[in-house]
Amino acid sequence: MPTTHSQKKKVIMIMIDTLMDLPLQEALKNEKAPALQFFMENGRYFPNLVCPFPTMSVNVDSTLLTGVYCDKHKVPGLVWYNEKEKRIVNYGSDVKELLKLGLNQSMMDIFYNLNHVHLNKMHATFHETFKEKGIHTGSINALLYRGSTSDHLKIPFLLSLLTGMDRELKTYTPDYFTYGGMHKVNPKGNITDILKKYGFNDKFSANELSYLIREDLLPPFTIAYFPDYDQSVHKNGIMDTKGIQKVDKQLQRILNENESWEDALENNIWIIIGDNGQANIERSRKKALINLRELLSSYSIVKLRRGVTAEDEIVLGVNERMSYIYTLNPKKVPLTAIAQIMQQDYRIDVIACKQGDAITVTSGVRDGQLQFSPNGILSDEYGKHWNVEGDLEILDIKKEGNNITFGEYPDALARLHASLFSHEGEYMVVSAKPGYEFKGESSPTHIGGASHGGLHAQDSLVSMIVYGTNSSPKYLRTVDLKDWLISLI
């Protein structure tokens, strides 16, 4: 293990999956989250940090680590179609889908390819950037972690037996690295905590971070991922506060590793953020689920277990409230024809296709279309310039002079543009209205609960609490956090 790096204040970033303003405020009002309340009362609170699109954790974490959107970091979502390899990539949507796609390939995508093949090496992660400067970093249970230190993951015996994977998998990590029970910093980690989701849970994350604090091993920068609240919201809806109460107890344990909570603040810069939001889903299965296989039943759609065949015309990459739809034969099955079918469904509010550098957006909610491309005369609130023509209301854009601002779809142009240039192939993007989600062959559904993936503000806005610095990111977006973190260190 590397020696500690001397610095007065260390930066600790805690990512709470699906931390959103409304349920957080409800938990605070009912005095259910004393640790989060302590951070907020002493620090600064930002309720509307804009996360990347698709609003799925692997894309969000990739953007956080690299400081670029998916058109550059090349991890387009949880599920997507790899044109070069003619196969669907799935980083863990549902075990049924993983089994149909083949466990060996799926596990390699999750445990190796995500960080070391698909995440673009042309864009350094902040772990790699800090390492070049001689600064140690730590990563606890983060899905995306690529660093510069050669190491190994210890694959569980049963998983190795079922998939044929080697018991050890070479990887490149930060200096201090926890990845469930496959790699941990505390040599005496509690086996009972590891047994729950093999260590990918809040309690194990808290134990590992507490160990670094207790043993005075914190590097200058550490990110710790707390995943449990996401599943609680998926099941119970966005106003679930019991999940916030549970994660708050783990934050209390971390604060208690110091002589006092005030000492914890004095010694560190704390950044607590969500990764993506969620939107409630209707309770009626028939109403809630946009079944893409039924909508596109006139075409031959790839079946997961069979894989791509010569007869197939369409591939679905379902990411809960968002989906990539690919045509394998653009002449016979043009994207415009698919878009027309999507426009007949009132539950689909964003339908986007690219042609050259331009993107055309239509909707099942309203008639008309919007077209946009980069490098025009209109300036958005993030300093980007665009050509925009057509019905601005489709993306709830307001125009005043040469300036445009966004409403229900934050940073809509840059985020849509990134998704449509994130990987090779002929495909379109569809996003559902709040209340609805897409269904593929075996994709997970969240009837009466909540879901994410979409472009809407409900999926896209998360909370951030900052203590220990008066500086802020250039803009309140996940994509702007990397440069800010580097400035803090």
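The values are calculated or read from the model by the stated rules, or taken from the named source; none is laboratory data. Here the structure is a predicted model, which is why all the values come from computation and not from measurement. Ideal geometry is used to build each Cβ from the backbone, glycine not excepted, and the neighbour counts take in all protein chains shown.
For the residues Leu99, Leu36, Leu22, the requirement of being among the aliphatic types (A, V, I, L, M), over 18 Å from the mean Cα position of the chain (by Cα) and modelled with pLDDT under 95 singles out Leu99.
Looking at (1) assigned to a loop (DSSP other than H, G, I, E, B); (2) in contact with a Ser or Thr (Cβ under 8 Å, 6 or more places away or on another chain); (3) within 20 Å of Gln231 (Cβ to Cβ), which is the one condition that is false for Asp459? So Asp459 meets the others, but not (1). Just one of Tyr326, Tyr382 is of a type in the set (Phe, Trp, Tyr) and in a loop (DSSP other than H, G, I, E, B); which is it? Only one candidate passes the filter, namely Tyr382. When Val68, Val89 are screened for being of a type in the set (A, V, I, L, M), more than 29 Å from Lys197 (Cβ to Cβ) and over 11 Å from the mean Cα position of the chain (by Cα), only Val68 passes. Every test in (1) in contact with a strand residue (DSSP E or B) (Cβ under 6 Å, 6 or more places away or on another chain); (2) outside any helix (DSSP H, G or I) is passed by Ser419 save one, and that test is (2). Taking the criterion of being surrounded by 12 or more Cβ atoms within 10 Å (Cβ to Cβ), out of contact with any Lys or Arg (no Cβ under 9 Å at 6 or more places or on another chain) and assigned to a strand (DSSP E or B), the residues of region 389-411 that qualify are Glu389, Gly390, Ile397. Among residues of region 361-381 that are buried (at least 17 other Cβ atoms within 10 Å of the Cβ), those with a beta-carbon under 9 Å from a residue that is of a type in the set (Lys, Arg) at least six positions away or on a different chain give the pairs Gly364/Arg347; Gly364/Lys433; Leu378/Lys399.
Against the list (1) among the aromatic types (Phe, Trp, Tyr); (2) surrounded by fewer than 24 Cβ atoms within 10 Å (Cβ to Cβ); (3) under 18 Å from Leu295 (Cα atoms), the condition Phe421 fails is (3). Just give me the residues in region 128-149 being over 18 Å from the mean Cα position of the chain (by Cα) and either at pLDDT below 95 or under 27 Å from Cys70 (Cβ atoms) (or both), in sequence order. Within region 128-149, Glu128, Thr129, Phe130, Lys131, Glu132, Lys133, Ile135, Thr137, Gly138, Gly147, Ser148, Thr149 meet the criteria.
Is it the case that region 385-397 has a residue that's under 27 Å from Leu24 (Cα atoms) and at pLDDT 95 or above?
Let us first name the residues in region 385-397 that are under 27 Å from Leu24 (Cα atoms), namely 396.
Within this subset, residues satisfying the condition of being at pLDDT 95 or above are 396.
Looking for residues that are under 27 Å from Leu24 (Cα atoms) and at pLDDT 95 or above, one finds at least one in region 385-397, hence yes.
Looking at Leu289, Leu251, Leu265, which one is in contact (Cβ under 8 Å) with a residue 12 or more places away in the chain and farther than 30 Å from Leu485 by Cβ? Of Leu289, Leu251, Leu265, the one residue that is in contact (Cβ under 8 Å) with a residue 12 or more places away in the chain and farther than 30 Å from Leu485 by Cβ is Leu289. Do you know which residues across region 102-127 are more than 18 Å from the chain's Cα centre (by Cα) and among the charged types (D, E, K, R)? Passing the criteria: only Lys121.
Residue check: Leu289 meets all listed conditions (1) under 30 Å from Glu313 (Cα atoms); (2) surrounded by fewer than 21 Cβ atoms within 10 Å (Cβ to Cβ) but one, namely (2).
When Val68, Val60, Val89 are checked against the criterion of being of a type in the set (A, V, I, L, M), part of a loop (DSSP other than H, G, I, E, B) and modelled with pLDDT of 95 or more, Val68 stands alone in meeting it.
Against the numbered list (1) free of Cβ contacts under 8 Å to residues at least 24 places away in the same chain; (2) not in a loop (DSSP other than H, G, I, E, B), Tyr45 comes up short only at (1). If the condition is being among the charged types (D, E, K, R) and at pLDDT 95 or above, then region 150-169 contributes only Asp151.
Give me the residue from region 386-432 that is of a type in the set (Val, Ile, Thr) and touching a residue at least 60 places away in the same chain (Cβ under 8 Å) and, out of that set, farthest from His123 (Cα to Cα).
First pass over region 386-432, keeping only residues of a type in the set (Val, Ile, Thr): 388, 394, 397, 404-405, 429-430.
Checking the rest, the ones that are also touching a residue at least 60 places away in the same chain (Cβ under 8 Å) come to 429-430.
Details: Val429: 24, Val430: 27 Å.
Ranking the candidates gives Val430 first.
Would you confirm whether or not region 153-162 contains a residue that is without any contact (Cβ under 8 Å) to a residue 40 or more places away in the chain and in contact with a Phe, Trp or Tyr (Cβ under 6 Å, 6 or more places away or on another chain)? The answer is no, given that none of the residues of region 153-162 is without any contact (Cβ under 8 Å) to a residue 40 or more places away in the chain and in contact with a Phe, Trp or Tyr (Cβ under 6 Å, 6 or more places away or on another chain).
As for region 440-449, it holds no residue that is buried (at least 17 other Cβ atoms within 10 Å of the Cβ) and not in a loop (DSSP other than H, G, I, E, B).
Inspect region 76-89 for any residue being crowded, with 21+ Cβ neighbours inside 10 Å, over 24 Å from Gly274 (Cβ atoms) and of a type in the set (Val, Ile, Thr) and give the result as yes or no. Yes, region 76-89 contains a residue that is crowded, with 21+ Cβ neighbours inside 10 Å, over 24 Å from Gly274 (Cβ atoms) and of a type in the set (Val, Ile, Thr).
Would you kindly identify the helices (runs of 4 or more DSSP H) lying entirely within region 99-183 that contain at least 2 residues that are not assigned by TED's automatic domain parsing to the domain that holds Ser205? So that I can check it myself, show each step before the final result.
Values: elements: 103-108, 126-132, 157-163.
Per the criteria, 103-108.
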